[in-house]
Each structure stands twice: as C-alpha cells, then as structure tokens.
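Below you'll find the structure, written out as structure tokens, and then a few comments.
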Amino acid sequence: MRISTRQTYDALVNNMTNGMAKLLKSQEMFASGKKINKPSDDPVGARQVMDYKDMMSGMTQYQRNIGYAESYLNEAESVLSGVSDTLAKIKEIAINEATGTASAQTRASAAIEVDQLYQQLLGVGNTRIGDKYIFAGFKNNNPAFSINGAPPPAVNYDGDTNEAEIEVGIGRKMAYGLTGDDIFKNTTDIYQVVSDLKTALEGNNATGIQNSMNDLDSGVVQVSNNISKIGGRLNRLTAETENISSFKLETQKLVSNIEDADFAKLVSDFAQQKISLEALQQSTGKVLELNIFNYIR
Amino acid sequence: MSGLNAITNIAKTGLMTAQTAIQVTANNIANVNNPDYKRQRVNMSSASMILSGGTIIGTGVAVDGIERVYDRFLQLQIYNSKSSLGRYSKEEYVLSRLEAVFNDLEGYGLTNVLNEFFNAVQDTANDPTSYAARVALLGKGDTLAARINGMESRIRQQTSDINKEISGKVSDVNNLASQVASINQEILKAESSGGTANDLRDKRDALIKSLSEYIDITVLDNNDGQKTILAAGGNPLVESAFSAAMGVRADANNDGNYDVVFPDVTGGYTDITDNISSGSLKGLINTRDNTFTPSFTKLKTIAASITKEFNEIHRAGYGLDGSTGNDFFNALTPDVTANSTNTGGALVTTSGIINLSQVTLSDYEIRFTSSTTFSIVDTTNNTVISTGAAYTSGANIDFDGIRVVITDTPGTPQAGDVFKVSITKNAAMNFGVSLTDANKFAAATQAAALPGDNRNALALAALKDDSTVLSNGTATFSTYYASIVADIGTKAQDSSRNASFQDVVVNQMENNMDSVSGVSMEEEAANLVKYQYAYQAAAKIITVVDDLFNTLVNLVR
C-alpha cells in the first residue's frame, strides 16, 4: 500500500499521543484512588454505588436515633432502680411499725421518715433531663406529677399516655418512651399507697399500716416490670445497632469493590504503558531520521 | 536538414516536458505538508506521428495535462465520517458538561443534600423541643433549596449555550456555503480556457470538508466542474454560484429552543430541525432535545414532588407555638400560558391550587373546541380529563386540585385555542424554604400532645423511603433521581465511545485518501532524478545534433 509522507508523520504522532493519553488516564486513577470518577466511566456501577451510599447514609442516621433512645433508657433505668430501693425501705418501716412493739411515738417519727421518702418518689416521677420531664409522655415541658392539695394529698398525673418512637430502619419504628402513668399509678397507685401509709402512721392506725404492705409489694413488682421492659428495649436497640454496623461494613465493601481502583493492577499497567511509550518515542526518533535526500547528492 | 531540425524539435519537446515535469515535482515537494493538497502528476503521451521518408516516425513527447490524483469516492467517505465525528464529539462534550451537574460521585448532584435534609428531620423527630435541631433543619432545607436552584440554573444556562452554539454553527455553515459558491464560479472561469484548476479544487474540497463537520451533506458533481451541495436530506445549500442561507427560529412551544430553518421558494422558511441527521448541529439538537430537556423536566418533577408531599404532611401538623396549616417549602403554583398560535382573545386571569392532595404533577392542556366548549387533557399521561365542558367567562375551571379562571378580555376564545397548565415548569426555580420561624416546624400531630409529640416529624422523615411519590407510584425521590444520573451517564459513555470509534474511522478514511493523493517524498525524489536524467539526455541530443550539423557543414568546405 502506498504511504504518503504526511501519513507517516501523522501515524507517528498519533501513536505517541495515544500512548500518553493512556498513561494520563492511569494517573488520574492514582490521584483519586477510584475507577469511577464520573457516571459515564461506568454507568451501571455508578448507579449501584449511589444506591449503596444512600443506604449507608440512612443507616448512620438510624444509629444516631438509637443512640438518642439509649441515653433516655439508661437514665430511666438508673432512677427507677432507685425507686425499688426506696419502696423496699418503706416496706421495712411498715413491717416494723405494724408489730406490737410499735407505739404512737415510733409511728409518728416513722411517718416523718415516710414523708421524706414520699417526696423522693415524687421527685423521681418528675425526673428532668435537660428541660424535659422524661416520664410525662409528650407533654414533657411540665412536671409529670403534681399534688392536687385535696386531703389526703392526692397526686395527679399531668402527662399523657403517648410513648415516643424513633425510626430504626426503613419503615420501622420502635417505641422507647415510658409514661409516669404506667410506672407509678396505673395498676397500683404507688403514691396513693405511700400517702395512705403515712396517714395511717400519723393516725396510729395499725390496720392501715398492715393493709399497705400488700400494696407496697404490688408496687415493687410494678416498678420491676417496668425496669425489665427497659432492659428488653435496650437489648433490642443494641441488637439493631449491631446489625446496622455489620450491614454498613458489608455495604462499604461492596462499594469499594465497584469503586476503588485496583492499585496492584494500576501500577503494573502504568509500568507497561511507560515502557511502551518509551519504545514508541525511540522508534519515532529513528524513523524521523530517515530522509532520502541524505543519499541523493 | 528537416531531419536534423526534426531531431532538434524532438529534443526540445523532451526538454520542455522534463522541465514541466520537474516543475510539477517541485510543486508536490513544496506542498508535502499541506493537508488539503492532492498530488499532481504530468500525463505525457507521444506527440503525433508523421510520415517521413516512407516510414511513420514519432515527433517527441507532449504534455497531455497536469492531473490531480484524486478518488471521488474516498473523498465522499471522508465527508460522511467527518459528519459523524462532528456529531459524536459534540455530543460527548455537551454531555460531559451536563454530567458534571449531576455528578454525585464527586459530591455534586442531589443525593447528599437530600439525605442530609431528611437526617435533620429525624434529628428533630428525636428531640422536637430542641431549638437547635429545628434551626439546623431549616438550614439543611436552605442547603437543599440552594442545590436544586443551582442545578436548575446551570442546566438552563447550558441549554441556552447550546442554542447559541446552534445559531453560531448555522452562521458558519452559511459562510462556508457562500465561499464554496464563489469558488464554483472561479473554477468555472479558470477552466473555461482548458486545463483543470487544481489548487482551486483543492481549496473547494477543504471548504466542503469543513462544512461536513457541521451538518450532513450530499455532494454532486455538475458537468461544468461546479459542485452542488444538498444539506439535511436534500435541501439545496449550494447550487453553482448560489448559496442558501439557513437560519434559526425560537420555538415558543418548546421553551424557546431554536429550530433550524431553511429558506423555501415562497420566501418563507421551513423547519428542517428533524431532517438534520449528522454533524455537530445534529449532536447539539439531539442532546438538547433527547437528554437535556427530559433531564430538566425530571429535576423539576422531583422539586415539585418534594414540595407537594412535604407540604401536605406539614400543613396537617402543629408547630411548637400551636400554629398549623403552614407550608414548609414555597407553595406550588401552576404556570398557565396561552399558545402563541391562539387566535382568540381570552386570557387567564387567575390560577392556583385548591386541593394539594389531588394534585398529580402532570402537565395539562385546556383545549377550546369552540368559543363555548373546551376539553381538558392530561398531556403527560395522554388521558382526557373532560370533554365538551361549557365555557363561561370568569367561571372556575377545576380539575385535579387546580383551579384556572379564563375570561373574555380582551376577546372570546376561538376553536383551536390552547392553554397549557404546568405545575412542574417553575418548581425547581421557585423551590425554597418558606418557613422562617423554627418554632413553627410542625413536628406534632396533635395540639394537645405538644411539645413532645414527634409523630408528624416521623411521618415527614418517612417520606425519604416512600416509594409511591414518583413514577406513577413506583419510585422514591432518590431512586427517581438516581435514574436520571444513570441515564445521563450511559448517554455520555455511549457518545464518548462513539466519538473514539468515529475518530478511528475518520483516520482510516483520511489514510485511504492520503494513500492515493498524498505526496511521498521518496517518490518525488526518485521522480526528480528521473526527470533530471531525461533533461540531461535531451540536452545531450541537441549537442549531438549540433555536432552532426558541424560535420555536415564542414563536409563542403
């Protein structure tokens, strides 16, 4: 086939520029560490990467939500275990003052002690974290319990019965909130029981003191049931978090597989392209030296 | 004597011919690097024979002509492949610009800001009384809005750039066409006295090659040496000394995008946009109409959908201050425009959304079948909403949650009048957070359950994964958006591959041409030597004849 002079030069130049272009493309991947730098590099892979990263962002948020619920539940658990102790102490007092060895005086002083413990229980019911009353349901800007003043001092629950929820997965919510109603009043009205005990002690009323003991037991059970409920929720949240962590890890691996440049291969490709380009440049030099007019005198 | 003279004459033809040949060789050598040059060669043939002394004897050599070595078929192949290359390289460039707007891999695009916005909604759901969380939410809403507005503006700018470039390319085509027409004339004049105007033909081929990059052309040779060029499937662009001037025209029914128009015999113009099949003009038109416009519409649809779904849930909830019925994002408004071809005088006086939950985000047309009846068509889904409705000036026209009022000012509507209604048209441009007071963010579902009620915020957060919001109830915001990116990426990759491939093809075609018409230094060098010998030998003959003459003269002394 006939080759014109221009063709020769053009071919030499084209080959060298193509070789250089390949080298530069490898370098671009070195710089970013990724095979896919824009969607057109690999549209299918890019779509998958986008979907995975979208999922991981959602996962991270769920972990945040779970962390928020966990700190609430941990706080609730620690104050409620205090409640169990307080109720145990009250029961001990009741036992002592129900026996024959008690007198009007011992009962009177016991009443004062019970009153202190009563205030303590009220304080727990109105626990605040920051500016929120944690046992008031949704109406958490006001104390959950208030004394309504009508004798004997009765305690009103001023909160509501809504349990706060968080989102833990796509379309999945979990309730974590606790209401003071459930813990302190519902089946056994603990405040009423303790208040009645105090009244009985003040009135030297042995039967009253005796009656309160069963109710105190029910109260203890009620509180411990709620503590178990908290424990159950914390366990579930831990399980969710762990699932999410391993899911994120797996998804990150998938993203890396698609997106990350294989450095070992890149390095060897680059070395090969460099050698090839050097050979091209040398041979181009030799070809350019050939000139028939060197030989025609 | 006549014999000696004859020999001298023969030698003379040899000298002249060799001289001409060397001149042509010199011309070839001088033009070795001229890319438009086709090598020339001298065609020689024996001069006419004569009868002399009973035998037929030759009278030397004559130059038939200086031929331009050229293969017409190869030239046409170059034009075709250049057209394709022009198209695909333009598409590659334009799509790479669009891709940069949607490049989520580098942190542009919508995915990240959308996720961060919904994460902020969840943070507020976790802690609805936290002022900090609410303020952060408004901030992320602003970031989302800025990104959507920014993308909208960039796409609009790039589309405008495409239209400007179409106009520019049309001017270039007209310019080249008129140059070809004038060279046609020059060639006609130059060749009227015989011979071929090789350099003018080279120049004309170069112009036509440039022309082929812009638009698809068919090149026909006239018998008189002129060429006729038909463009975009048969429109006569150049005919002898005349060239047509194409133009551009804004199409009001296509968002003001330019159509390419060709002058017709009546002095008007016909739209040839769809007839252009190759060249950079095709690349521009194709990407504009088949990638830019649909992607733009989809971006607007996402903005409209986010606005509609979010506002709908937000209005039903309660802020910390007990307020309700507030929009979070700027409310959607329908854009209603009268077709430029309407003949009646009726105009739209008011339009708005009356029931957000019934809005479908489709585009509609209110078509008047007479001055008193109209039908409503959903043009996105090609369904008829109502037909034969009676028209009263100033009455409410309600459909799919939208209300439009048309009145007879300054005149009545006529049959064939069309009004276009679109919710999505300005949705991306107008997208923004309308809520300014963080306390009014409606996290609560019931006023009685304030301030800890986070159920409305949870419902808003759940929109992120709601797969019924788009694509006729099959896509979430993210998946709908991701499909736009994937589509652009695929088209960009395709055009890039096509451009590379076409580059190789053009190279191959040009090599084929060069193989026939290109100057080879070695060949010319050898020719130089060859013709030099011929010259020397012819000169030697004259010396010999001179010698013979002397011998003859000295015979008779």
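Since every read-out is calculated from the coordinates, none of them should be taken as a lab result. Being a predicted model, the structure only gives us computed values, none of them experimental. Using ideal geometry, Cβ is built from the backbone for each residue, glycine included, and neighbour counts are taken over all protein chains shown.
Using the Cα atoms as the points, what is the convex hull volume per residue of chain A in Å³?
On the way: hull volume 52.9 nm³, N = 297.
For chain A, the hull spanned by Cα atoms encloses 178 Å³ per residue.
What are the equivalent ellipsoid semi-axes of chain B, built from the alpha-carbon gyration tensor (square roots of five times its eigenvalues), in whole angstrom, biggest first? Working shown, then result.
Values: eigenvalues 1251, 163, 38 Å².
One finds semi-axes of 79, 29, 14 Å for chain B.
Considering only Cα-Cα distances, which of the following residue pairs are longer than 32 Å: B:Lys90/B:Lys425; A:Lys248/B:Lys425; B:Lys164/B:Lys203; A:Lys91/A:Lys229; A:Lys139/B:Lys140?
Listed pairs above 32 Å: A:Lys248/B:Lys425.
So, with +1 on the Cβ of K and R and -1 on the Cβ of D and E, and no other charges, what is the size of the charge dipole of the protein assembly as shown about its Cα centre, to the nearest 20 debye? Don't skip to the end; give the middle numbers.
Working: 71 positive and 96 negative charges, 589 e Å.
Result for the protein assembly as shown is approximately 2840 debye, rounded to the nearest 20.
Please get the size of the charge dipole for chain B, origin at its Cα centre, with Cβ charges of +1 on Lys and Arg and -1 on Asp and Glu, quoted in debye to the nearest 20.
On the way: 42 positive and 60 negative charges, 220 e Å.
Dipole magnitude for chain B comes out near 1060 debye.
Please state, as a whole number in µm²/s, the translational diffusion coefficient that the Stokes-Einstein equation yields for segment B:77-176 at 20 °C and 1.002 mPa s, with Rh defined as the Kirkwood radius across alpha carbon pairs.
Numbers: Rh = 16.9 Å.
Translational diffusion coefficient: 127 µm²/s.
From the residues A:Thr238, B:Thr445, A:Gln192, which one has its Cα farthest along the dipole of the protein assembly as shown in the positive direction, the dipole being from +1 and -1 charges on Cβ of Lys/Arg and Asp/Glu about the Cα centre?
Of the listed residues, the answer is A:Thr238.
Add -39500 (n - 2.57) for each DSSP H run of 4 or more in chain A, then divide by its residues: what number comes out at 222 nm, to the nearest 500 deg cm²/dmol? Could you put the intermediate results ahead of the total?
Numbers: 6 runs with 200 residues, N = 297.
One gets -24500 deg cm²/dmol as the mean residue ellipticity at 222 nm.
Report the rotationally averaged projected area of segment B:438-557 based on its alpha-carbon convex hull, in square nanometres. Walk me through the intermediate numbers first.
On the way: hull surface 72.0 nm².
So the Cα hull casts an average projection of 18.0 nm².
Once amide H atoms are placed 1.01 Å from N in the peptide plane, what residues at a sequence separation of 5 or more from B:Ala475, or on another chain, have their amide H within under 5 Å of its amide H?
Answer set, sorted by chain and number: B:Val469, B:Leu470.
Count, for each residue of B:515-521, the Cβ atoms from other chains sitting within 10 Å of its Cβ, then give me the mean as a whole number. Could you put the intermediate results ahead of the total?
Details: counts 5, 2, 2, 8, 3, 8, 8.
Averaged over the peptide's residues, the number is 5.
Any idea which of A:Tyr176, A:Ala206, A:Thr60 is furthest toward the positive side of the dipole for chain A, if Lys and Arg beta-carbons carry +1 and Asp and Glu beta-carbons -1?
Result: A:Thr60, furthest along the dipole toward the positive end.
So which lysines can A:Lys274 reach, going by Cα to Cα under 22 Å and dropping same-chain residues fewer than 8 places off?
A:Lys22, A:Lys25, A:Lys34, A:Lys35, A:Lys265, A:Lys286
How big is segment B:239-326 along each principal axis, measuring the range of its Cα positions in Å and listing the largest first?
Taking max minus min along each principal axis of the Cα atoms, segment B:239-326 gives 81, 25, 14 Å.
How much length is gained if the chain between B:Ser471 and B:Lys530 is pulled fully straight, taking 0.36 nm per residue apart and subtracting their Cα-Cα distance, in nm to one decimal? Don't skip to the end; give the middle numbers.
On the way: separation 59, 0.36 × 59 = 21.24 nm, distance 7.74 nm.
So the chain would gain 13.5 nm between B:Ser471 and B:Lys530.
If you wrap a convex hull around the alpha carbons of segment B:18-82, what volume per residue comes out, as a whole number of Å³? Display every interim value, and only then the final one.
On the way: hull volume 5.3 nm³, N = 65.
Measuring per residue, one finds 82 Å³ for the Cα hull of segment B:18-82.
Which order do the peptides A:261-268, B:481-488 come out in when sorted by mean C-beta neighbours inside 10 angstrom, highest first? Before the final figure, lay out each step's value.
Details: A:261-268: 12.5, B:481-488: 21.5.
The peptides rank, most packed first, as B:481-488, A:261-268.
Per residue of B:165-173, count partner chain C-beta atoms within 10 Å of its C-beta, then hand back the mean as an integer. Walk me through the intermediate numbers first.
Details: counts 0, 0, 0, 0, 0, 0, 0, 0, 0.
Counting other chains' Cβ atoms within 10 Å and averaging over B:165-173 gives 0.
How are the C-alpha pair distances of the protein assembly as shown spread across 20 Å bins, as whole percents from the shortest bin up?
Pair shares across the bins are 11, 26, 24, 18, 11, 6, 3, 1, 0, 0.
Based solely on its DSSP helices, what 222 nm [θ] is calculated for chain B when runs of n ≥ 4 H residues each add -39,500 (n - 2.57) and the sum is averaged over all residues, nearest 500 deg cm²/dmol?
Working: 10 runs with 269 residues, N = 557.
Mean residue ellipticity at 222 nm (helix-derived): -17500 deg cm²/dmol.
Round to the nearest 10 and give me the degree value, 0 to 90, for the angle of helix B:198-214's Cα axis relative to the longest principal axis of chain B.
That works out to roughly 10 degrees.
As I understand it, the value is the acute angle between the Cα axis of helix B:131-191 and the longest principal axis of the Cα atoms of chain B; what does it come to in degrees, rounded to 10?
Helix B:131-191 sits at roughly 20 degrees to that axis.
Apply 1/(1 + (r/R0)^6) to the Cβ-Cβ distance of B:Asp271 and A:Lys25, taking R0 = 60 Å, and write down the FRET efficiency to the nearest 0.05.
On the way: r = 42 Å, r/R0 = 0.70.
Plugging the Cβ-Cβ distance into 1/(1 + (r/R0)^6) gives 0.90.
How many nm is it between the label spots at A:Asn291 and A:Leu266, if each spot is 7 Å from the Cα in line with the beta carbon?
A separation of 4.4 nm, rounded to one decimal place.
How far, in degrees from 0 to 90, does helix B:521-555 lean away from the longest principal axis of the Cα atoms of chain B, to the nearest 10?
20 degrees
Taking 0.36 nm per residue of sequence separation and subtracting the Cα-Cα distance, how much length would be gained by fully extending the chain between B:Ile354 and B:Asn222, in nm to one decimal? Mind showing how you got there, number by number?
Values: separation 132, 0.36 × 132 = 47.52 nm, distance 6.79 nm.
Using 0.36 nm per residue and subtracting the Cα-Cα distance, I get 40.7 nm.
Size of segment B:414-468 along its principal axes in angstrom, Cα-based, largest extent first?
Here the Cα extents, ordered largest to smallest, are 58, 29, 22 Å.
Out of B:Ser212, B:Asn174, B:Ser160, whose Cα points farthest toward the positive end of the dipole of segment B:159-214 (charges: +1 Lys, Arg; -1 Asp, Glu; placed on Cβ)?
Ranked along the dipole, the leading option is B:Asn174.
Please average, across the residues of B:522-533, the number of beta carbons from any other chain that are within 10 Å of each residue's own beta carbon, and give a whole number.
Working: counts 7, 4, 2, 5, 2, 0, 3, 2, 0, 0, 1, 0.
Partner-chain Cβ atoms within 10 Å, mean over residues of B:522-533: 2.
Please check: in the Gaussian network model of chain A (C-alpha springs, under 10 Å), which one of A:Gly232, A:Gly137, A:Gly219 has the largest mean-square fluctuation.
Maximum fluctuation in the GNM of chain A, among the listed residues, is at A:Gly232.
Over segment B:333-422, with a single point scatterer placed on each C-alpha, what log10 of the ratio I(q)/I(0) does the Debye formula yield at q = 0.23 1/Å?
-1.19
In 10 Å bins starting at 0, how do the alpha-carbon pair distances of segment A:59-98 split up by percent?
For segment A:59-98, the pair-distance distribution reads 27, 25, 21, 15, 9, 3.
Net charge near A:Asp160: determine it from the other residues with C-beta under 11 Å of the C-beta of A:Asp160, scoring Lys and Arg +1 and Asp and Glu -1. The partial results should precede the final answer.
Working: positive: A:Lys139; negative: A:Asp158, A:Glu163, A:Asp181, B:Asp453.
Net charge in that neighbourhood comes out at -3.
Normalising by the residue count of chain B, find the relative contact order in percent from Cα pairs under 8 Å and 6+ residues apart. Could the numbers behind the result be given before it?
Details: 982 pairs, mean separation 115.4, N = 557.
Reported relative contact order: 21 percent.
Given +1 on the Cβ of Lys and Arg, -1 on the Cβ of Asp and Glu, and no further charges, what dipole in debye does chain A carry about its Cα centre, rounded to the nearest 20? Before the final figure, lay out the partial values.
Details: 29 positive and 36 negative charges, 445 e Å.
It comes to approximately 2140 debye.
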